[in-house]
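First the structure, in the form of structure tokens, and then the observations on it.
Please treat every number below as a calculation from the coordinates, not as lab data. Keep in mind that what you see is a predicted model, and the values were worked out from it rather than measured. FYI the Cβ positions are ideal-geometry reconstructions off the backbone, even for glycines, and counts take in every protein chain you see.
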Amino acid sequence: MSNHVHYLMEPTRSEDLPKIMHLLNWYTAMCFNRMLNRTGHFWEKRYHSTGFANTDKRRALNTLRYIHANPKAAGMQQGFFYDFSNYGIYDRLSDEGLTQWHPAFLALGKTLEEGAAKYRGFCKKYRTQPKPESKNHWGSQLLARLVVKGKPKKSSPGQMALPWAQWKAPDSEVQAVAEKFVFANCYNQPAAGVMLSQRLRCQVTES
């Protein structure tokens with residue numbers, strides 16, 4: 001997404017989740033701040049999570065589908081394939097070396113191909129749920145009429161989209177992982193191959 005990330009994870013111990021998220025958010029904030037040449041907070045708010053039993057296959061599939069459908073529902077993508085989502089790992093059975101197929105997905109069919117076909121059909125049936133209307137609170141109409149004086153507030157880089165074409169990895173190892181992920185999950189793999197080869201030639205020329 002443009003300003004937040006979805007994870008579906010299963011810690012070895014449920015009490016380890018806060019520590020995992022703390023380390024994950026700290027490390028990504030440090031990396032993105034370095035890449036974007038900025039300082040300060042990167043993530044706007046603390047994470048929020050909802051847990052469910054790892055035996056609840058229906059809940060797991062619905063959660064997985066929600067994550068994969070979010071870019072389309074937000075109007076960022078026409079279909080489910082997305083450079084920054086791992087939907088392609090489930091639909092095309094790609095392998096980017098990062099994703100583990102969820103047991104609920106593996107139980108969909110006798111073969112991986114059958115499971116992928118069923119999951120693809122399951123995702124196509126997804127319909128976005130309308131969000132509840134925002135309620136007016138005391139002072140909300142008054143605040144809406146106020147004119148803010150001074151310089152307009154600039155958008156924080158942490159809340160801006162990060163187009164793949166403009167993204168430059170800090171080192172070759174990170175770039176190799178990112179390129180493998182994008183190629184495995186993007187909509188048009190031949191086009192991605194051309195784009196990645198062009199980026200590689202540009203970097204060789206610059207160096």
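Fully extended, how many nm does the chain gain between Arg120 and Glu173 (0.36 nm per residue separation, minus their Cα-Cα distance)? List each step's numbers first, then the result.
Numbers: separation 53, 0.36 × 53 = 19.08 nm, distance 3.18 nm.
That pair, Arg120 and Glu173, stretches by 15.9 nm at full extension.
Pull out a ≥ b ≥ c, the square roots of the eigenvalues of the alpha-carbon gyration tensor of segment 14-124, then state rounded if a/c is under 1.5, prolate if not and a/b is larger than b/c, and oblate in the remaining case. Could you put the intermediate results ahead of the total?
Values: a/c = 2.16, a/b = 1.58, b/c = 1.37.
The shape class here is prolate.
Relative to the Cα centre, what is the charge dipole magnitude of segment 14-124, using +1 at the beta carbon of each Lys and Arg, -1 at the beta carbon of each Asp and Glu, and rounding to the nearest 20 debye? Mind showing how you got there, number by number?
Values: 15 positive and 10 negative charges, 68 e Å.
That gives a dipole near 320 debye.
So how do 33-43, 76-86, 112-122, 7-17 stack up, highest first, on mean other-Cβ count within 10 Å? Intermediate values should be presented prior to the final figure.
On the way: 33-43: 12.6, 76-86: 17.7, 112-122: 14.9, 7-17: 10.3.
The packing order, highest mean first, is 76-86, 112-122, 33-43, 7-17.
Rounded to whole Hz and in sequence order, give me ³J(HN,Hα) for segment 58-63 from the Karplus expression 6.51 cos²θ - 1.76 cosθ + 1.60, θ = phi - 60°, writing x for Gly and Pro.
Result, rounded to whole Hz: 5, 5, 5, 5, 5, 5.
Pull out the extension gain between Tyr66 and Gln189, defined as 0.36 nm times the separation in residues minus the alpha carbon to alpha carbon distance; nm, one decimal.
Details: separation 123, 0.36 × 123 = 44.28 nm, distance 2.36 nm.
Full-extension gain reported as 41.9 nm.
Cross-link list Lys19/Lys180; Lys57/Lys110; Lys118/Lys180: which exceed 20 angstrom alpha carbon to alpha carbon?
On the way: Lys19/Lys180 28 Å; Lys57/Lys110 16 Å; Lys118/Lys180 25 Å.
Beyond 20 Å between Cα atoms: Lys19/Lys180; Lys118/Lys180.
Farthest toward the dipole's positive end in segment 63-115, which of Leu108, Tyr87, Tyr66, given Cβ charges of +1 (Lys, Arg) and -1 (Asp, Glu) about the Cα centre?
Tyr66
Mind checking the full-extension length gain between Phe52 and Asn37? Use 0.36 nm per residue of separation minus the Cα-Cα distance, one decimal, nm. Walk me through the intermediate numbers first.
Numbers: separation 15, 0.36 × 15 = 5.40 nm, distance 3.84 nm.
Taking Phe52 through Asn37 to full extension adds about 1.6 nm, to one decimal.
Quickly work out the His22-to-Met76 label distance, labels modelled 7 Å from Cα along the C-beta direction, and quote it in nm with one decimal.
If labels sit at Met76 and His22, their model points lie 2.8 nm apart.
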